[in-house]
Amino acid sequence: MSPTPGASGSGVLLRVDGYEISDDPRRIDLRAVHAFLRRAYWSKNIPFEIVERALGASLCIGLYAPDGAQVGLCRLVTDYTIFCYVSDVYVLEEHRGRGLCKAMMRATLAHPRLQGLRRWSLVTHDAQGLYEQFGFRRVAHPERHMERLNPDIYLGGTAPGTNE
Ligand SMILES: CC(C)(COP(=O)(O)OP(=O)(O)OC[C@H]1O[C@@H](n2cnc3c(N)ncnc32)[C@H](O)[C@@H]1OP(=O)(O)O)[C@@H](O)C(=O)NCCC(=O)NCCS
């Protein structure tokens with residue numbers, strides 16, 4: 001595999017074996033992204049409209065197969081200055097195991113709008129080994145971190161400590 005940087009300003013950040021990694025929001029295939037996310041363990045049953053709004057408010061780095069189909073995503077929730085939360089990272093099953101997710105992560109960390117940030121953050125069940133290759137570490141002081149989480153929100157769950 002020989003990754004080559006994309007032409008400046010084209011939206012293409014990296015080319016790998018005929019695949020393109022691009023931050024052009026016009027290339028995002030919302031239906032394809034929703035089809036994956038609605039069956040992903042972290043967003044089971046997520047409605048299309050929620051995916052549409054979330055992607056519209058994020059920096060999205062898409063992975064495109066040689067035929068142009070969107071086959072992966074990395075969604076960045078960021079202020080472009082201090083903080084970035086890495087979310088909704090996937091590569092469709094038939095394209096896995098070829099280094100494409102790692103290529104997306106390289107393109108993400110090299111993105112010109114994401115330089116000099118103080119903190120990058122993400123949550124994963126089992127892909128710690130993947131992100132450790134890119135400098136992510138387990139939270140050093142978990143006792144300092146808090147969250148307000150409703151994991152089953154798209155399955156009809158309610159947030160803890162509320163009357164919703
Ligand atoms: C995780 C995922 C994006 C990896 O995509 P991929 O294109 O196959 O990954 P790559 O080929 O670029 O390489 C993955 C690397 O991470 C490692 N890894 C660690 N944990 C992993 C995990 N849970 N799943 C896949 N790879 C994992 C692999 O061993 C591999 O390392 P190596 O190349 O140094 O041997 C893909 O399996 C996927 O979409 N899974 C379902 C969604 C998901 O779990 N996303 C992550 C949520 S945080």
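Bear in mind these aren't lab numbers, they're just calculated from the coordinates by the rules spelled out. This structure is a prediction, so every number in the text was calculated from the model and none was measured. Positions of Cβ are backbone-derived with ideal geometry, glycine not excepted, and every protein chain shown enters the neighbour counts.
Modelled spin labels at Thr158 and Phe48, positioned 7 Å past Cα toward Cβ, are 3.0 nm from each other. Arranged from fewest to most other beta-carbon atoms within 10 Å of their beta carbon, Glu20, Glu93 become Glu93, Glu20.
Comparing Gly68, Ala107, Ala57 along the charge dipole axis of the chain, the residue lying farthest to the positive side is Ala107, per the Cβ-charge model. Evaluated on the stretch 8-59, the Kirkwood hydrodynamic radius is 12.3 Å, with distances taken between all distinct Cα atoms. In a GNM of the chain with a 10 Å cut-off on Cα contacts, which of Thr78, Thr108, Thr124 has the highest mean-square fluctuation? Looking only at Thr78, Thr108, Thr124, the biggest GNM fluctuation is shown by Thr124.
If a helix is a whole DSSP H run, which ones in the chain reach 20 Å or further along their own axis (Cα) and hold a mean Kyte-Doolittle hydropathy of at least 0.0?
The qualifying helices: there are none.
Applying 1/(1 + (r/R0)^6) with R0 = 41 Å to the Cβ-Cβ distance of Val123 and Ala69, what FRET efficiency is obtained, to the nearest 0.05? It comes to 0.90.
Rounded to the nearest 0.05, the FRET efficiency derived from the C-beta distance between Asp17 and His141 at R0 = 41 Å is 0.50. Computed as a quarter of the hull surface, the mean projected area of the alpha carbon convex hull for the chain stands at 10.7 nm².
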